[in-house]
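Following: one structure in structure tokens, then a few remarks.
The values are calculated or read from the model by the stated rules, or taken from the named source; none is laboratory data. In this text, all values refer to a predicted model and were calculated from it rather than measured experimentally. Cβ placement follows ideal geometry from the backbone for every residue including glycine, while neighbour counts extend to all protein chains displayed. In case anyone asks, the SASA skips ligands and DNA or RNA and just uses the protein heavy atoms, side chains included. Shrake-Rupley method; radii C 1.70, N 1.55, O 1.52, S 1.80 Å.
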Protein chains: 4
Amino acid sequence: MTYPLQTCCSFNRKATCTGAWESTLTNTLSPGDKIIVPCLGQFAVIWINLMKRLNFDVDVIESEWGEGVNLDILLQKLQADRSHAVKAVCVVHNETSTGVTNDLGLVRKSLDEAGHPALLLVDGVSSVGAIDFRMDEWRVDVALTGSQKALSLPTGLGIVCASPKALEACKHVKSTRGYFDWREYLECYKAGTYWPYTPSVQMLYGLRASLDLILKVEGLENIIARHLRLAEATREAVKAWGLTVSAKKPEWDSAVVTGVVVPPWLDSNDVIKIAWKKYNLSLGVGLGKVAGKLFRIGHLGYMNELQLLGALAGVELSLKDVGYPVVLGSGVAAAQGCLSKQTPLIASRL
Amino acid sequence: MTYPLQTCCSFNRKATCTGAWESTLTNTLSPGDKIIVPCLGQFAVIWINLMKRLNFDVDVIESEWGEGVNLDILLQKLQADRSHAVKAVCVVHNETSTGVTNDLGLVRKSLDEAGHPALLLVDGVSSVGAIDFRMDEWRVDVALTGSQKALSLPTGLGIVCASPKALEACKHVKSTRGYFDWREYLECYKAGTYWPYTPSVQMLYGLRASLDLILKVEGLENIIARHLRLAEATREAVKAWGLTVSAKKPEWDSAVVTGVVVPPWLDSNDVIKIAWKKYNLSLGVGLGKVAGKLFRIGHLGYMNELQLLGALAGVELSLKDVGYPVVLGSGVAAAQGCLSKQTPLIASRL
Amino acid sequence: MTYPLQTCCSFNRKATCTGAWESTLTNTLSPGDKIIVPCLGQFAVIWINLMKRLNFDVDVIESEWGEGVNLDILLQKLQADRSHAVKAVCVVHNETSTGVTNDLGLVRKSLDEAGHPALLLVDGVSSVGAIDFRMDEWRVDVALTGSQKALSLPTGLGIVCASPKALEACKHVKSTRGYFDWREYLECYKAGTYWPYTPSVQMLYGLRASLDLILKVEGLENIIARHLRLAEATREAVKAWGLTVSAKKPEWDSAVVTGVVVPPWLDSNDVIKIAWKKYNLSLGVGLGKVAGKLFRIGHLGYMNELQLLGALAGVELSLKDVGYPVVLGSGVAAAQGCLSKQTPLIASRL
Amino acid sequence: MTYPLQTCCSFNRKATCTGAWESTLTNTLSPGDKIIVPCLGQFAVIWINLMKRLNFDVDVIESEWGEGVNLDILLQKLQADRSHAVKAVCVVHNETSTGVTNDLGLVRKSLDEAGHPALLLVDGVSSVGAIDFRMDEWRVDVALTGSQKALSLPTGLGIVCASPKALEACKHVKSTRGYFDWREYLECYKAGTYWPYTPSVQMLYGLRASLDLILKVEGLENIIARHLRLAEATREAVKAWGLTVSAKKPEWDSAVVTGVVVPPWLDSNDVIKIAWKKYNLSLGVGLGKVAGKLFRIGHLGYMNELQLLGALAGVELSLKDVGYPVVLGSGVAAAQGCLSKQTPLIASRL
């Protein structure tokens, strides 16, 4: 994973990722601009809603929830757009609501195959810093994330990284921009003052500490491997429980969150409630059209094998409490089998 | 000071006050709407610049820096606007860059006298929680502030309080709104979920602690009195140094920041630099058109008499270091004279 | 559990529990005084060593490690001591090194049966606040503990609670006392200044917060029940692994730590090393004569079901890594079975 | 200042300085050993009281409070002790209760002149890390300090540094030692485990951070100079108020605390009370025989010029409040005059 520090520009803004989305769109597009957006789950729904409120002309590629980007339709649309009316393709790298990760290399390939110059705008909220992400190789134009995900910081920073092409667009586009105007930042960068308004100093100290943990202590490659390992172990547990993950094909499996589909006779919210009320365990609810149908196990950020196994043990207990016929220990055992083989020694304790 | 909790609606947003400004404007006004804005200093300049970028039709009432709102011109403009084309009057309650506080009661009176229905939008960034502020009595439509001023918290929350009239406007206005859309908040309030996106939990805990200190420990009335006392002591010091405060009349004196005008042969930045480099004292720079001409002494937030006297002693030392003929101790003595009479015993130690 | 606040006296001292031991002994006994001490494990060994260095005449009742106090011998010794040469019986309530808890009610019964007036001095380091402890009912003369165990605070406070009989002894005994002299405390209590020397204020704030969590939030009865529940679950896991706990009879099972005896062909330190180096899990080593023969699983303080299950999962993985034929998930399942039945809903989330 | 790390041994113990005193005495002396102790103020009184309780044969050299060690009498006593019955000379480097600092070089000279082999035991509680201290040059045998003084940490660590001669004594002396036994530490040092009992880890992290601030950020030489500067400024203020410092000659002036003698008609406690109740200023009370006669201004640890000037301004206000005819600003001005000349630029901001 390489971050093109020489060629790009990062903006830290006191905002959530929703703010980072607005920042990305209004600084690279003009009102009425056509954008293609695959809709894979609730966070794409929210983003699309935001896009419409910001007056963009959104062309949605619907997928069944649990599936990734439909690359065939994407390619068709790009090839059909001979006049290059489409100005951007907007993709959620990891759809948190369904536990689906897209292969951004294939999205880039579609753009290249169609010879299409649209910007590639990526929601990396739950991926950057945990899932392999290649800003340069995939020629991502804007990647956005937030402090409260892989960085393991409190909520509060929306972070945006823009390519030279995106920065060039910023100069010309006609979207109304106030608080999120990159041009004010760029001026301050040039002047060496960095911040147009009062920065959130405590969050910047936190960011420094978080990046040191990521880059100097554990190492980004090791962190990415750890997330893959924890995710595989979680899926093994789900299988052992006789349940299915929400990602419909292995190629879409997410390394940071696993959606677990419950049987039709069961309300996933009941599992979530008992986990919270009895075991102090926070599971993610099913959002939007999968409400009640799935719950989500997060395995993102500063987290290790035993924390995951404790959480999986809690899911088992909760499933049993709501009447699902789970064999206690079955999922934990399956996850352990997977982790036993893959977990490396901790580098600092060799 | 009363906050109309029953009738108003507060929005906490991860943002700086600039974000709170944008939130206020776009939720109560439509693009092209005419607004009257007195320009009293740099923060009004920044706000006006933001208003223009957000496509409002801004009618600026210029004042000399150091003066408050020109109420005569305001009244004339309102009276002349028979068609009520003006949709809002936007006022900075305390202009931080010049140390000027406006009498919002008089601004309200002008609106009433003209029988004008424009919204009254108030930047209370450096006033709310430190200077007497009467949301109900003055019929303020939106008041905005931030966490890092009188609340003495880290930067990170932009706080907006809206009247029913402002909330009604929010439903109909045509400004493009994304991240700052009040309607999403209002829906979440109704649903009892409160936050449309991930809230900044650590800042909310801080807000709870800060409000306890303000409302339960020291008491808001006592805090307002303390700010008045520290400000008067600071002005006595300035006088003793043979310098003048930047507020041109006592009625505009600010309780939270005092601008100190230096003689023409002196660069105020030199005072600021030596204060920082030798005495670890942070003075405010002169911004915009008063750059180099004044420095600012902040006395806002969780701060007491001896901290102020230490700071004043540091200003004296800095003035001496840059060659200004100050009598060491003169300003401190003047401030002490003022504080000696007014400082009450600490309630919890009686 | 009742603390006789009216009749006793607590001393907080910046010290570890070793300091609290010295404090207890030198303030209630004179050099050369005879004391009976059951030796149940490493912490009793250390205490006995301290007693000898402090010039007491120590009569040790040896037990096999893993057993509790030999009450028959204790009774014999007390009955044989017609002249009441024995001035104190010193008992470790919960021997941390072997996971053995003594029934202090039976120790008191022995003293009463023998009609013996010796002081009952109790090391409650790892019991007070987690295991049922009855200062009044058992007529304990001194109970000592430390901040870093059930109170879940940093190491730093040694806490001693003395009965009126112990306080009376304090006036007359001849042990050399400096830093730990209770008389200086008692004078300061009388004077209302409380501390003869600079107190560790941050630890006292921590103590206040910890006691609030214990007494107001979770409730002491619930905490004691939680420790029993976690301990039982741990023992079920040990059984499922085909291993034995170090406490030789159920009556001695500890609610706060479980010693796990490994087969002779296995070095328990290897389990501990891999747990630390691969799974970031801190297991307790076997101390003194059980070094290499057992490892210990702590379940003491602010800890819940899923944290324990995660730890048990880690023990399983570690056992497997060192070649012990464990069935992954077996111990976790057994523990879950136990916890599933017993875990109550969290009171604050009903 | 040099710390002979190769030749000495430091012990960190969870204790206050009183504990460090006991640790020093019992590890280097036997009961009944004769020691010479100059008594200069309350902290020497407390130490002497401890020595007596610990059964040493204390030969006190009384000084009037405000004076330093009477070196003539010390020399006479040492020369008269032909049989070398005196085993130690115990000196408080800086007597906090009177604001008197002794010249330890002269104490060493007396020992050398008398050719006396007694140990030189030094209470460096309020000096080490703030006042020039030369362990090697002065051949100090034990120096002790605590975490809450120049190290600017919370109370909790008693720190002892011993010379090879003191370590040798430790092996042979007959004092009863329990918690404070150096021999247990020395064994752990040899074994590489460092701590015989549970260490206070959070204090050790704090110590690391504090030493970094002292040695790497500000620099020990600069810190010593800063303390001298602040002390001189404080004395200038006292003079300007028409009061006298409690140190009777300049050679004894303390760099870390200044005692201020009030006129006989005034109770120093009244000054202290009003400072606390009205200005949130903590002054030190007069202890023991100077109770009511003086108050103390501390200028020790992580503190700068403006903090001192704020405190001096508060003293002036308090003096005025209790009816002392002070000219407000007079002391601040005098202190400023002194600081203006001497304060260097902050190295990290050049």
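At a glance:
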quantity: Buried on assembly, region C:202-238 (at least 50 Å² less accessible surface than by itself, 1.4 Å probe); calculated: C:202
quantity: Carbon/sulfur fraction of accessible area - region C:22-93, other protein chains in place, 1.4 Å, %; calculated: 46
quantity: Filtered chymotrypsin sites (Phe, Trp or Tyr not before Pro), region D:219-291: DSSP coil and at most 16 other beta carbons within 10 Å; calculated: D:265
quantity: Inter-label distance for residue B:72 and residue D:211, nm, one decimal - labels placed 7 Å from Cα along Cα-to-Cβ; calculated: 7.2
quantity: Distance violations [Cα-Cα > 31 Å] among C:87/D:174; B:52/B:216; B:239/D:248; calculated: B:52/B:216; B:239/D:248
quantity: Distances in nm from residue C:291 to the matching label points in the other copies, shortest first (labels 7 Å along Cα to Cβ); calculated: 5.4, 6.3, 7.1
quantity: Cα gyration tensor shape for region B:81-220, rounded if a/c is under 1.5, else prolate or oblate; calculated: oblate
quantity: Only Lys, Arg (+1) and Asp, Glu (-1) charged, at Cβ; region C:52-203 dipole about Cα centre in debye; calculated: 620
quantity: Using a 7 Å Cα-to-Cβ projection, residue C:211 label spacings across copies, nm, ascending; calculated: 3.0, 3.5, 4.6
quantity: Distance cut-off 25 Å, percentage of C-alpha pairs in region A:199-305 lying past it; calculated: 34
quantity: For chain A, Kirkwood radius (reciprocal of mean inverse C-alpha pair distance, Å); calculated: 21.1
quantity: Cβ-vector label at 7 Å, residue C:112, separations to other copies in nm; calculated: 7.0, 8.0, 8.6
quantity: Given charges at beta-carbon only (K, R positive; D, E negative), |dipole| of the protein assembly as shown in Debye; calculated: 0
quantity: Of B:109/B:165; B:149/B:273; B:77/B:293; A:34/A:171, those spanning more than 25 Å from alpha-carbon to alpha-carbon; calculated: B:77/B:293
quantity: Whole-Å semi-axes of the protein assembly as shown's equivalent ellipsoid (Cα gyration tensor); calculated: 58, 49, 27
quantity: Fluctuation leader among D:90, D:338, D:188 - chain D, Gaussian network, Cα springs under 10 angstrom; calculated: D:188
quantity: Within the protein assembly as shown, percent of DSSP bridges classed antiparallel, to nearest 5; calculated: 55
quantity: Shielding of A:170-177 by partner chains, average beta-carbon count, 10 Å; calculated: 2
quantity: Selection from A:154, A:172, A:241, by position along the positive dipole direction of chain A (Cβ); calculated: A:154
quantity: Top of A:69, A:326, A:271 by mean-square fluctuation, Gaussian network on chain A, Cα under 10 Å; calculated: A:326
quantity: Where B meets A: accessible area buried, both sides, 1.4 Å probe, Å²; calculated: 2200
quantity: Assigned charges on the beta-carbon of Lys, Arg, Asp, Glu; chain B dipole about Cα centre (debye); calculated: 580
quantity: Pairs of Cα atoms farther than 13 Å apart, region B:17-63, %; calculated: 51
quantity: In region B:164-196, trypsin sites (Lys or Arg not before Pro) in a DSSP loop with at most 14 other beta-carbon atoms within 10 Å; calculated: B:174
quantity: Sites matching trypsin sites (Lys or Arg not before Pro) across region C:10-111 that sit in DSSP coil, with at most 15 neighbouring C-beta atoms within 10 Å; calculated: C:82
quantity: FRET E, pair residue B:201, residue A:222, Förster distance 22 Å, beta-carbon r, rounded to 0.05; calculated: 0.15
quantity: Quotient of Cα Rg and 2.2 N^0.38 Å for region D:150-228, N being how many residues it contains; calculated: 1.37
quantity: Nearest-to-axis residue of chain C, judged by beta-carbon position, where the axis maps C onto A, in Å; calculated: C:310, 1
quantity: Computed lengthening from residue A:139 to residue A:64, 0.36 nm per intervening residue step minus Cα-Cα distance; calculated: 24.3 nm
quantity: Mean Cα-pair separation over length for chain D, i.e. relative contact order, pairs under 8 Å, 6 or more apart, %; calculated: 18
quantity: Listed residue (B:335, B:92, B:312) projecting farthest to the positive dipole end of chain B, Cβ model; calculated: B:312
